[in-house]
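Okay, so here's the structure we're looking at.
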Amino acid sequence: MTSAAALRDISPINVHVPLGDRAYHILVGRGLIETAGSRIAALGARAAAIVTDEHVGPLYADALAQALTAQGLRVSVVTLPPGEATKSYANLEKVCDAVLSAKIERGDLVVALGGGVIGDLAGFAAAVVRRGVRFVQVPTSLLSQVDSSVGGKTGINSRHGKNLVGAFHQPSLVIADTALLDTLPLREMRAGYAEVAKYGLIDDARFFAWCEANWQSIFAGGPERDEAVAQSCRAKADVVVRDEHETGDRALLNLGHTFGHALEKITAYDSARLVHGEGVAIGLSLAFRFSAFLGLAPATDAERVERHLKAAGLPTRLGDVPGGCGTVDQLLDAMAQDKKVKGGALTFILARAIGQSFIAPGIDPDKVRAFLGREIDALHP
Ligand code: GLY
């Protein structure tokens, strides 16, 4: 490690999530994985069960296990296949049994070492084993560093849909090593970046403009990457502290997700066609285009959103979905099965401008139908 890297490692950016007796810190910086063992050990557990996947485990699990052992902890590792299908009942059972076999008690720790799939599954296991043990998130993808590892949403998928079985369970610590993203496939980096840009679009026009100016350095791994991850975590933490259990404002974090989830469903969650962040990117662009369609936001803002996401290599239109986006009816049907439906009317997150989003309940499905019809017609001029 160079001395400059060592210096930065000593002082990661520290984002505090002030949730009373469940408050925790999110540490962001390059090279943090090297000191993760001592940082986790400082939480005072006697044992830790590391949950990881077959991609990440071989790279980092041994070193983390050794570092924790050196700090006097009893350590076990459970390794699962990578991919969304891992968030299943069968793997929940496997992780819970592994955690119990490792004799993890209330004061001990589950350590989620991986992307969003591992974080959600391990976090849910931690929420239910012994009615709740502590857990630490060590997110290894941009998407998990800026979204899923923060805020305490944990869970698995059911045959009825994604994330439908889960619990709110806040981590005790989040360690986001931004150097781990150096080897992330570009497609995954881009997909995670959609969530970064989202925070600017929600309520921080200055951050969006900063992203427009700095996205290349974020991708290249300059100090701007650390700042982007930290600022995303600050933005998310602010919302989570206001509304931990999503009875109000937390829904703003779903900007772009109503359209995005529908597209994920239509593409049968096939990551070869569309990954979550790509669905969100199209969803963000559509949320602004729909806002403009309804006369709420200037069309120039919708164009600016699309221009930036495109520049970062992200899809922005229904026509960008490989293999097609389905019909208007299929899209509406997919939206109707979303968690955000009440009495047939849809809740959207719309915007008056970049950085001025709001929750819009009771959106008339006919308006959505007209908008989607126009979007699909435009694909075949
Ligand atoms: N990813 C949205 C949330 O955590 O609320």
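Note on the chain: GNM, Cα springs under 10 Å; of Ala287, Ala126, Ala61, the largest mean-square fluctuation is that of Ala61. Taking every C-alpha pair closer than 8 Å and separated by at least 6 residues, the mean separation divided by the residue count of the chain gives a relative contact order of 13 percent.
With a Förster radius of 30 Å applied to the beta-carbon distance between Ala353 and Gln216, the computed FRET efficiency rounds to 0.75.
Size of the stretch 1-158: Rg and Dmax of its alpha carbons, in Å, are 14.8, 48.
Viscosity 1.567 mPa s, temperature 4 °C: give me the Stokes-Einstein translational D for the chain in µm²/s, with Rh taken as the Kirkwood radius over C-alpha pairs. Rounded to a whole number, D works out at 62 µm²/s. Seen against the Cα atoms of the chain and their longest principal axis, helix 299-311 is set at about 50 degrees. Average 1/r across all pairs of distinct alpha carbons in the stretch 201-280, invert it, and you get the Kirkwood radius: 14.4 Å. Beyond 16 Å, what percent of the Cα pairs of the stretch 279-355 remain? Cα-Cα pairs of the stretch 279-355 separated by over 16 Å account for 56 percent.
Here is the tail figure for the stretch 45-84: Cα pairs spaced more than 13 Å apart come to 49 percent of all pairs.
Can you give the calculated 222 nm mean residue ellipticity of the chain, where each DSSP H run of n ≥ 4 adds -39,500 (n - 2.57) and the sum is split over every residue, rounded to the nearest 500 deg cm²/dmol?
On the way: 13 runs with 171 residues, N = 381.
So the calculated ellipticity at 222 nm is -14500 deg cm²/dmol.
Convex hull of alpha carbon positions in the stretch 196-248: directionally averaged projected area 3.6 nm².
Amide hydrogen proximity for Gly256: with H placed 1.01 Å from N in the peptide plane, the residues at 5 or more positions away or on another chain lying under 5 Å are Ile349. Between the Cα long axis of helix 89-101 and the first principal axis of the chain there is an angle of about 20°, rounded to the nearest 10.
Against the main long axis of the alpha-carbon atoms of the chain, helix 186-203 sits at an angle near 70°.
Dimensions of the stretch 119-246 along the principal axes, based on C-alpha atoms and rounded to the nearest Å, stand at 47, 32, 30, largest first. Applying D = kT/(6 pi eta Rh) to the stretch 223-381, where Rh is the Kirkwood radius over alpha-carbon pairs, T corresponds to 25 °C and eta to 0.890 mPa s, the Stokes-Einstein value obtained is 152 µm²/s. Size check on the stretch 181-226: the Cα extents along the three principal axes, sorted descending, read 31, 19, 14 Å.
When its C-alpha radius of gyration is set against 2.2 N^0.38 Å (N residues), the stretch 40-111 gives a value of 1.10. Pairs exceeding a 25 Å alpha-carbon distance, out of Lys87/Lys310; Lys153/Lys310; Lys94/Lys265; Lys94/Lys162: Lys87/Lys310; Lys153/Lys310; Lys94/Lys265.
Could you compute Rg(Cα) / (2.2 N^0.38 Å) for the stretch 257-296, with N its residue count?
Cα Rg divided by the expected 2.2 N^0.38 Å: 1.22.
Throughout, read-outs are computed from the coordinates displayed, never taken from laboratory work. Just so you know, these numbers come straight off a predicted model, no measurement behind them. Here the Cβ is made from the backbone with ideal geometry for all residues, glycine too, and neighbour counts use every protein chain on show.
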